[in-house]
1. Quick one: in the range 103-154, which of the residues that are surrounded by fewer than 14 Cβ atoms within 10 Å (Cβ to Cβ) and among the small types (Gly, Ala, Ser) is modelled with the lowest pLDDT?
2. Please find, among Ala91, Ala100, the residue that is among the small types (Gly, Ala, Ser), buried (at least 17 other Cβ atoms within 10 Å of the Cβ), part of a helix (DSSP H, G or I) and without any contact (Cβ under 8 Å) to a residue 40 or more places away in the chain.
3. Looking at Leu49, Leu58, Leu39, Leu34, which one is over 18 Å from the mean Cα position of the chain (by Cα) and closer than 15 Å to Met16 by Cα?
4. Restricting attention to the range 1-36, which residues are under 21 Å from Val149 (Cα atoms), at pLDDT below 90 and surrounded by 16 or more Cβ atoms within 10 Å (Cβ to Cβ)?
5. Just checking, how many residues over the range 1-31 are over 19 Å from the mean Cα position of the chain (by Cα) and not in a helix (DSSP H, G or I)?
Amino acid sequence: MELIMDFCREYGYWGMCFISFLSGSILPFSSDVLLVFFLGVGLNPLHLLISSTVGNTLGGMTCYFLGGFIKKGWFTRFFRVKGEKAERANAYIEKYGYWAAFFSFMAVIGEAIVIMLGNMRVCWWKVFLVMILGKILRYLIIILSFEGVATAVA
């Protein structure tokens, strides 16, 4: 626990941005819990909101551009999605288009959505804007929840 707190103090906002980038990319990593640690060491919540959103969005856009380089058959094999599930996922992306990027903050499925958006060549800047909206909302809820708990405990 002390090791995590030392990391948060030493690397601050850049550390949060980097952790959020890893979390937003294809790596199975969660930045939510570490955001609470960063808040716990007394870093500015607004600056943490910005750094975590920037990092996570850049990680998500990495997945988007990765999706543009892979073949559709490879995507279904990599995520082990077959048959009817693959068709439903494809239909979902076709139906909602770039709005699906809002849910890119979700663990595992969020990366898959963004990779599919890239694979289907959905307009990148629309994906980017909607993705930012979803990620800001996610981190804002975490920060406000932490602030509420911290106030109630104090």
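The values are calculated or read from the model by the stated rules, or taken from the named source; none is laboratory data. Predicted, not measured: the structure shown is a model, and the values here were computed from it. Quick reminder, even Gly has a Cβ in these numbers, built from the backbone with ideal geometry, and neighbours come from all protein chains shown.
1. For the range 103-154, the residue satisfying everything is Ala154.
2. Of Ala91, Ala100, the one residue that is among the small types (Gly, Ala, Ser), buried (at least 17 other Cβ atoms within 10 Å of the Cβ), part of a helix (DSSP H, G or I) and without any contact (Cβ under 8 Å) to a residue 40 or more places away in the chain is Ala100.
3. That would be Leu39, the only listed residue that is over 18 Å from the mean Cα position of the chain (by Cα) and closer than 15 Å to Met16 by Cα.
4. The answer is Cys8, and nothing else.
5. Selection size over the range 1-31: 1.
Listed here are the residues, each with its yes/no results for (1) within 22 Å of Ser104 (Cα to Cα); (2) among the aliphatic types (A, V, I, L, M).
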residue	(1), (2)
Glu2	no, no
Tyr11	no, no
Leu27	yes, yes
Leu35	yes, yes
Leu39	no, yes
Leu43	no, yes
Thr53	yes, no
